[in-house]
1. Show the residue pairs meeting these rules: Cβ distance below 6 Å; 6+ apart or different chains; first residue within the range 222-236 and within 29 Å of R401 (Cβ to Cβ); second residue away from ligand 1 (no atom under 14 Å from the Cβ) and not in a strand (DSSP E or B).
2. Quick check on V384: is it more than 16 Å from ligand 1 (Cβ to nearest atom) and under 30 Å from V344 (Cβ atoms)?
3. Considering only residues of the range 248-283 that are in a loop (DSSP other than H, G, I, E, B) and open to solvent by 10 Å² or more (accessible area, probe 1.4 Å), which is nearest to ligand 1 (Cβ to nearest atom)?
4. Can you tell me which residue is farthest from ligand 1 (Cβ to nearest atom) among those in the range 439-467 that are farther than 16 Å from S407 by Cβ and either out of contact with any helix residue (DSSP H, G or I) (no Cβ under 9 Å at 6 or more places or on another chain) or aliphatic (A, V, I, L, M) (or both)?
5. Would you call A422 under 17 Å from D221 (Cα atoms), modelled with pLDDT of 95 or more, aliphatic (A, V, I, L, M) and under 27 Å from the mean Cα position of the chain (by Cα)?
6. So I84 passes all but one of these: (1) more than 15 Å from Y256 (Cα to Cα); (2) assigned to a strand (DSSP E or B). Which condition number does it fail?
7. Taking the residues in the range 448-477 that are away from ligand 2 (no atom under 12 Å from the Cβ) and outside any loop (DSSP other than H, G, I, E, B) as candidates, determine which candidate is surrounded by the most Cβ atoms within 10 Å (Cβ to Cβ).
8. Do you know which of the residues in the range 137-194 that are of a type in the set (S, T, N, Q) and within 14 Å of ligand 1 (Cβ to nearest atom) is nearest to L404 (Cα to Cα)?
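The values are calculated or read from the model by the stated rules, or taken from the named source; none is laboratory data. Here the structure is a predicted model, which is why all the values come from computation and not from measurement. No Cβ is skipped: glycine too gets one built from the backbone with ideal geometry, and neighbour counts run over all protein chains shown. Please note that ligands, DNA and RNA were not included when accessible areas were found on the heavy atoms of the full protein model with its side chains. Shrake-Rupley method; radii C 1.70, N 1.55, O 1.52, S 1.80 Å.
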Amino acid sequence: MEEERGALPPKLDFSAWYNDLLWQSEIMDVRYPVKGLYVWYPHGFAIRKHVYAWLRELMDREHQETLFPLLIPEHEFMKEAEHIKGFEDEVYWVTHGGKDPLDVPLALRPTSETAIYPMYALWVRSHADLPILLYQVVNTFRYETKHTRPLIRLREITSFKEAHTVHATWEQAEAQVEKAIALYLEFYAKLCIPVVVSKRPEWDKFPGADYTMAVDTIMPDGKTLQIGTVHHLGDHFSKTFSITFEDPEGVQRYAYQTCYGISERSIAALISLHGDDKGLVLPPGMAPVQVVIVPITIGKRKDDVSAAALLVESTLKSAGIRVKTDNRDLRPGAKYYYWEMRGVPVRLEVGPRDIDAGQVTVVTRTGERSVIQISDLVNGVCSVLAGVHERLRESAESQMRSRLIVSVSVEEAVNALAQGVAVVNWCGERMCADVMEERLGASVLGTGARSPYLNETKGNCIICGKPGKTTLIGRAY
Ligand code: 5CA
Ligand code: ZN
């Protein structure tokens with residue numbers, strides 16, 4: 001806001017481009033003096049508002065929103081053995097109130113199982129109480145030791161949407177896992193973010209889960225980003241937290257649970273996949289400003305142009321389009337640059353020649369130029385917005401296709417990894433995974449990979465030659 005901003009590095013230099021974009025398009029300010037904590041600029045926060053409104057809309061179809069405390073007493077946090085092992089190195093502890101040491105140290109939630117499940121133990125009584133489908137959107141804290149990055153690897157995750165469900169049977173919980181995956185696919189479709197779903201290997205599942213399903217996308221540098229996970233918790237937590245219910249025959253049974261989460265990594269993917277050398281490019285559904293009007297008020301017709309711009313603005317506003325007129329005392333070129341950097345999907349130019357012709361000039365952020373008759377303004381603008389959405393979707397999908405590369409040998413996988421993700425067959429044995437990871441310098445992301453951008457591969461493990469499943473190998477953020 002206060003310092004001069006210049007041109008972005010080219011997107012090919014992805015890491016430099018990403019960092020500069022966050023700053024120049026006013027998404028995050030990274031100068032907050034605590035490592036791994038960043039500040040949302042109002043523009044970034046407005047994008048977040050739209051993304052999370054869509055997420056809430058989807059969740060609210062079947063779940064209810066709730067809010068649990070941030071602090072978790074040590075004795076609850078320490079109940080589930082695998083969960084502790086997975087998180088103990090990442091927990092921040094509150095140990096003092098003022099100068100007094102607390103009787104019970106309090107954990108800042110790294111995720112909320114151990115805050116929510118003691119309450120579920122009180123709430124769940126009978127099979128008639130099930131299923132329970134709740135979620136919250138909160139901040140969580142993780143003392144991450146890997147390289148921290150804004151929106152991607154945070155120590156304070158500010159936008160953690162976590163859902164926690166309770167069911168009567170293992171199969172019902174499994175069905176909920178599939179529903180959650182479908183919900184995440186719908187969420188990402190509207191963000192024009194193509195994804196691939198897979199099952200994480202045993203050693204990479206959520207601490208305390210039976211199994212973990214992950215939703216990944218591929219970033220412009222070919223590295224994968226996990227942008228959602230869905231965990232089948234079996235009865236591990238219900239046994240430690242005594243979440244039981246009376247079945248129809250009057251027998252007390254342990255419940256089965258799932259949990260699933262999404263963070264502001266969704267916004268990291270949104271800006272990374274669609275942005276270009278000029279800055280941010282936002283799908284219209286997520287853009288705080290969908291249409292910017294730039295009046296060309298050079299010369300004598302200033303009043304006519306202002307009146308026409310005002311009419312265009314109010315017409316679009318009444319149609320529910322998020323529109324803004326840029327009346328600042330700047331050259332049009334400076335305004336174009338400003339709104340392009342911020343990713344506004346459509347710009348309308350209203351000049352003397354446009355008024356005379358009864359039209360506005362339309363320029364999309366994806367580079368198309370046309371005119372719309374004022375008499376057909378709302379229809380015209382809506383179809384241009386829809387066109388921008390389609391182009392972003394197509395371009396992101398074709399990049400995804402080109403980065404998911406089927407490989408039938410270690411040599412092919414090496415080449416694939418230079419561009420993206422190697423899709424191989426793997427037998428499921430840890431030994432073969434270790435050999436692959438060692439030789440490829442990449443990780444086994446998941447098996448049973450599902451994606452519209454990928455055909456299931458039939459073949460044998462590229463290491464041992466035994467029958468294997470479709471497996472993703474990649475370099476992950
Ligand atoms: N309790 C479960 C489900 S909510 C849980 O915590 N799962 S998780 O650990 O896999 O986190 C859910 C999602 O949050 C991940 O898939 C990832 O997309 C995101 N996430 C995890 N850690 C971070 C982090 N340090 N910064 C940003 N996003 C993160
Ligand atoms: Zn093998």
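1. As it stands, the answer is G222/Q419; G222/G420; K223/R475, since those pairs meet every condition given.
2. Yes: the conditions hold for V384.
3. Looking at residues that are in a loop (DSSP other than H, G, I, E, B) and open to solvent by 10 Å² or more (accessible area, probe 1.4 Å), I get S263.
4. Applying the filter and picking the extreme gives P467.
5. Answer is yes for this residue.
6. Among (1) more than 15 Å from Y256 (Cα to Cα); (2) assigned to a strand (DSSP E or B), I84 violates only (2).
7. L472
8. Step by step, filter the range 137-194, then rank; the result is T148.
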